[in-house]
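The values are calculated or read from the model by the stated rules, or taken from the named source; none is laboratory data. Every value quoted in this text rests on a predicted model; they were computed, and no experiment measured them. Don't worry about glycine lacking a Cβ; one is built from the backbone with ideal geometry, like all the others, and counts go over all protein chains shown. Side chains included, ligands, DNA and RNA excluded: accessible areas come from the protein's heavy atoms. Shrake-Rupley method; radii C 1.70, N 1.55, O 1.52, S 1.80 Å.
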Amino acid sequence: EIYTLSLHDALPIYRRGETAQGQLWIAMQFVDGDDADAALRAGTMTPQRAVRIVGEVAKALDYAHRHNVVHRDVKPANFLLSAQRDANERVLLGDFGVARALDDVGLTTTGSMFATMAYAAPEVLAGHSFDGRADVYSLGCSLFRLLTGTTPFPTGNGPAAVMMAHLHAPPPRVTERMPALPSALDAVIARAMAKDPGWRFSA
């Protein structure tokens with residue numbers, strides 16, 4: 001099965017199946033490059049590059065959401081980058097392995113188990129029903145990390161503290177950690193990371 005998401009900046013998945021031993025597998029396009037998290041750790045992530053990467057990922061998510069699919073694990077490690085580091089750099093959204101159609105049964109508590117804590121939307125962590133706006137929240141968290149080098153809420157106090165911050169703390173301001181960045185980015189991230197999905201960008 002070839003997913004049409006492959007035509008819109010999502011990593012093409014060519015086939016999927018199960019081995020005789022019961023192991024699930026997927027075959028997807030090989031990307032000769034790196035991912036955004038690795039680029040950040042390597043020191044090659046600039047604010048301009050971060051904004052462009054997130055913009056390209058947003059296009060892939062828009063397409064997925066229009067086709068009633070929520071990704072559920074949006075994070076920089078899943079933003080695959082081609083080898084070019086110029087305007088021709090291609091950005092692909094990978095790891096649709098935990099994506100689900102929004103009309104699938106059980107897309108609540110069971111689905112929340114797959115989210116990476118540092119990027120998980122409040123409604124996912126709370127075990128409530130969710131839709132593509134949860135991906136928007138995670139994309140806002142990802143933009144914050146690519147701009148500042150840190151996740152929105154510190155992980156030093158353990159996962160419970162991170163969960164409580166996602167549920168109750170206001171979105172952090174990138175300009176407090178990186179004063180040279182334009183304040184407009186604070187407004188973008190605040191809207192993407194709004195606690196109420198209704199206040200986020202449309203998914």
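If you plug the beta carbon distance of Ala184 and Met164 into 1/(1 + (r/R0)^6) with R0 = 41 Å, you get a FRET efficiency near 0.90.
Atom-type composition of the exposed protein surface of region 111-203 places 63 percent of the accessible area on carbon and sulfur (1.4 angstrom probe).
Under the simplified labelling scheme, the Glu18-Arg177 pair shows an inter-label distance of 4.1 nm, with each label point 7 Å from Cα along Cα→Cβ.
Look at where the Cα atoms of region 54-95 and of region 120-134 average out, and the two centres are 20 Å apart.
For region 123-200, the solvent-accessible area with a 1.4 angstrom probe is 46 square angstrom per residue. Among 61-69, 38-46, sorting by the average number of other beta carbon atoms lying within 10 angstrom of each residue, highest first, gives 61-69, 38-46.
Model label sites at His67 and His128, defined 7 Å from Cα along the beta-carbon direction, differ in position by 2.9 nm. Across region 135-146, coupling constants 3J(HN,Hα) worked out from phi with the 6.51/-1.76/1.60 Karplus curve, θ = phi - 60°, read 5, 4, 4, 5, 5, x, 4, 5, 4, 4, 5, 5 Hz, and Gly and Pro carry x.
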